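The structure appears right after this line, and notes come after that.
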Amino acid sequence: MKLSQGDYKTRSKFKTDILELENLKNSINTLGEKLGQQDLLRRKLVSDISHEIRTPLNILQNNLEAMIDGIFSVNTEQLIALNDEVIRVGKLLNNLNVLKKFETEDIMLNRERVLLDELICSVCDDFSIISKEKNIELAYNFKSNENYTILGDRDKLKQVFINILSNAVKFTNEGGKVWVNLAKNKHEIIVSIRDTGIGISEQDLPFIFERLYRGDKSRNKVEGSGIGLTIAQNILQLHLESINVESEPGRGSVFTIRFKDTSS
Ligand code: ADP
């Protein structure tokens, strides 16, 4: 069959009354579809990575050539700017390495009792200085008499909140606001992180959890590598918990994480 030669679009139209053969045909067709999707993602990933590396390399090359030709003077300021580009590529490669670990190795969760209210409070504390510097009001709400305990991997969950909160602060302009809210309903503990930032366009929204995806507006203006949300989603999937996002361009975004409440 063409499928084994890499033609993932091919489908078997073979008709039979034998149930086992019919099931086999359907399984092979589904396999073809899945292989096709994976192939597409693989190609996109390669082209995204080469784009992300090519951009700083181009900047380096153009600037170095201008220095060699005597068009740009070699001064500390220029060298710092070029060094920043080298650091950017280094960070990207590091992030890709972290992501590779999540996707290729059997990541073990170190499950323990986690008090979400305390964990999130410590993450908010970590962001208090940077939000003050940006004149962003960072508010944290929860009920002090509620029990927000879950079973999970404290360090990895901390990473999830760091990634989302750092985006909220990063994509919110001076004078804006970020709220972190912890609430409970009958079966769930719900964490929402809301900001009055630049928001996410309808076209970008379905893709923001994908590897290396960065919204158009953020691609050049704001530092980042498009990996933070992929890692956050991977960690939550390992916990069998979900994350979703709602956003309005120009008004802000809200990321909501739902944990099954096992305390009652
Ligand atoms: P990074 O922030 O490094 O670019 P992420 O994976 O964390 O990568 O996010 C992917 C993209 O999702 C960002 O580039 C940005 O376009 C969009 N995004 C994520 N969080 C927010 C937010 N709070 N406000 C606006 N855009 C966001």
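The values are calculated or read from the model by the stated rules, or taken from the named source; none is laboratory data. Bear in mind the structure is a predicted one, so any value in this text is a computation, not a measurement. Please note: Cβ atoms are built from the backbone with ideal geometry, for glycine as well, and neighbour counts cover all protein chains shown.
Remarks
- Check on residue 89, out of contact with any strand residue (DSSP E or B) (no Cβ under 9 Å at 6 or more places or on another chain) and surrounded by 13 or more Cβ atoms within 10 Å (Cβ to Cβ): yes
- Single unsatisfied condition, residue 78 versus (1) surrounded by 11 or more Cβ atoms within 10 Å (Cβ to Cβ); (2) closer than 20 Å to residue 231 by Cβ: (2)
- Taken over the stretch 139-162, the criterion of being surrounded by fewer than 19 Cβ atoms within 10 Å (Cβ to Cβ), within 16 Å of the ligand (Cβ to nearest atom) and in contact (Cβ under 8 Å) with a residue 40 or more places away in the chain is satisfied by 139, 159.
- Number of positions in the stretch 128-156 that are touching a strand residue (DSSP E or B) at 6+ places or on another chain (Cβ under 6 Å) and assigned to a helix (DSSP H, G or I): 2
Each row is one residue, and each column tells you yes or no for (1) of a type outside the set (A, V, I, L, M); (2) touching a residue at least 24 places away in the same chain (Cβ under 8 Å); (3) assigned to a loop (DSSP other than H, G, I, E, B).
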{"site": "166", "(1), (2), (3)": "yes, yes, no"}
{"site": "183", "(1), (2), (3)": "no, yes, no"}
{"site": "193", "(1), (2), (3)": "no, yes, no"}
{"site": "211", "(1), (2), (3)": "yes, yes, yes"}
{"site": "214", "(1), (2), (3)": "yes, no, yes"}
{"site": "225", "(1), (2), (3)": "yes, yes, yes"}
{"site": "253", "(1), (2), (3)": "yes, yes, no"}
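- Matching residues, the stretch 205-229, being out of contact with any Ser or Thr (no Cβ under 8 Å at 6 or more places or on another chain), modelled with pLDDT of 75 or more and more than 6 Å from the ligand (Cβ to nearest atom): 206, 207
- From 102, 127, residue being closer than 30 Å to residue 184 by Cβ and at pLDDT below 90: 102
- Listed conditions (1) surrounded by fewer than 19 Cβ atoms within 10 Å (Cβ to Cβ); (2) in a helix (DSSP H, G or I); (3) in contact (Cβ under 8 Å) with a residue 60 or more places away in the chain; (4) of a type outside the set (Gly, Ala, Ser) are all met by residue 109, apart from (2).
- Residue check, residue 153 among the acidic types (Asp, Glu) and more than 21 Å from the chain's Cα centre (by Cα): no
- Scanning the stretch 170-204 for residues that are among the β-branched types (Val, Ile, Thr) and within 15 Å of the chain's Cα centre (by Cα), we see that the one that is nearest to the ligand (Cβ to nearest atom) is 200.
- Of the residues 87, 28, the single one that is aliphatic (A, V, I, L, M), outside any loop (DSSP other than H, G, I, E, B) and under 27 Å from the mean Cα position of the chain (by Cα) is 87.
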